[in-house]
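Data first, discussion second: the structure below is written as structure tokens.
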Amino acid sequence: MRRRTFISLSVASALAAPSILRAQGKSLSGITLQINGYGGDYDRLMTKFISEPLLERTGLKVVFTPGASQAAVAKVIATPDNPPYDIILCDSPSLPELIAAGVIEPISKDTVPSVSRLLPGMREFADYGVPIAVASMVLAYNTDHVKERLTSYVDLARPALKDRVGMFNLENTGGLLFLIALAEGNGGGMDSIDPGFAALAKIAPNVASTTPSTVNLQQLFQQEEVWAGGLWDGRVHALRIAGMPLELVAPTEGLYSVRSYFNPVKNSKHPEAVTAFIEQAMSGELVREIAKFFRFGPTTDVQLPEDVANTILTYGERAKMIKPIDWKKVAENRASWFARFNREMR
């Protein structure tokens, strides 16, 4: 973490200083922060680049409890006076619900100086949430089986792909992004979703499987049960590293993405420790290592090795390709879209 020095000129100025500056050098021994996790390598990286440095420097302990982020969101909303987590980790679609419930705290560069490292336009909810990674839906296809290049999601309707397309249902945010991309790419949008469902209807005869699970869809590609579909960019990269002959395409509909956010939970008993955690998370190492390992887009001004940068669709100037999404409208419509998807994709 980049250390900053604050010299107190008066009692008043010291009291007014951001808590992270006042906490420099202060022991946080005896405090344990509770945070939900995503599991696997994500939690491993958070432990290595946030928890371990904080423990060594301040004595602060951090416990990550992996599981579905939506379940963690529900727990925080259900117990606002005694929340089970000090910080909640979740993706863009959950933020409107947390903000409306009033259970998370805003955070700015005045309280966490390294928030100023965030790239312009990277935050979607003003001062709520600090993003640590950008995952994008892309078009993927197996070049051993698909000889004619795919460039658009609507190409998944080609007869040659009969029973060989895999896709997320709308329980997975990837399925939502796929639907929105089809709607906006065919003359509709968030307030006019019918063109998206019309495009889905043309793809439906080719769909071998719909799933809410990213791991399951990844396995279908690995087992060559599906040859093409929409998948997260980082997962496509992992499959290619493992030797799969997959082509990764930024579809003509555009790049639709989600951010993963750390959110300070209101009524945490350890606000100074929460602030120290967020400062460490934003200081560089975690964002860089997530980008290197998963090839998810970085959210801060971290510099990446050229061989890594060249494989990330949303790095540097390419981040401008990300399509804006009104997540509040998504939250308002998700249930009805999900019901319609289940009816029409049977």
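The values are calculated or read from the model by the stated rules, or taken from the named source; none is laboratory data. Computed from a predicted model, the values in this text were never measured in an experiment. Because the Cβ atoms are built from the backbone with ideal geometry, glycine has one as well, and the counts that use them run over all protein chains shown.
Miscellaneous remarks
- In the stretch 296-337, residue surrounded by the fewest Cβ atoms within 10 Å (Cβ to Cβ) [restricted to those that are in a helix (DSSP H, G or I) and touching an Asp or Glu at 6+ places or on another chain (Cβ under 7 Å)]: A331
- When restricted to residues that are buried (at least 16 other Cβ atoms within 10 Å of the Cβ), over 13 Å from D155 (Cα atoms) and over 25 Å from the mean Cα position of the chain (by Cα), the stretch 198-222 contains 1.
For every residue, the table says whether it meets (1) within 21 Å of M282 (Cβ to Cβ); (2) in contact with a Phe, Trp or Tyr (Cβ under 9 Å, 6 or more places away or on another chain); (3) surrounded by 19 or more Cβ atoms within 10 Å (Cβ to Cβ); (4) assigned by TED's automatic domain parsing to the domain that holds F197.
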{"residue": "A71", "(1), (2), (3), (4)": "no, no, no, no"}
{"residue": "I88", "(1), (2), (3), (4)": "yes, yes, yes, no"}
{"residue": "V130", "(1), (2), (3), (4)": "yes, yes, yes, no"}
{"residue": "K147", "(1), (2), (3), (4)": "no, no, no, yes"}
{"residue": "P159", "(1), (2), (3), (4)": "no, no, no, yes"}
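- Screening V154 against (1) in contact (Cβ under 8 Å) with a residue 24 or more places away in the chain; (2) crowded, with 20+ Cβ neighbours inside 10 Å; (3) not hydroxyl-bearing (S, T, Y) leaves a single unmet condition, (2).
- Inclusion of I99 among residues that are out of contact with any Asp or Glu (no Cβ under 9 Å at 6 or more places or on another chain) and in a strand (DSSP E or B) is not warranted.
- The stretch 158-211, residues that are touching a residue at least 60 places away in the same chain (Cβ under 8 Å), within 15 Å of V330 (Cβ to Cβ) and assigned to a strand (DSSP E or B): F168
- Checking each residue of the stretch 108-119 against the condition of being in a helix (DSSP H, G or I), modelled with pLDDT under 95, under 26 Å from L248 (Cβ atoms) and not aromatic (F, W, Y) gives no match.
- Residue, modelled with the highest pLDDT, within the stretch 239-263, restricted to residues that are part of a helix (DSSP H, G or I) and surrounded by fewer than 17 Cβ atoms within 10 Å (Cβ to Cβ): R240
- Residue match in the stretch 223-230 (condition: buried (at least 17 other Cβ atoms within 10 Å of the Cβ) and under 23 Å from S92 (Cα atoms)): yes
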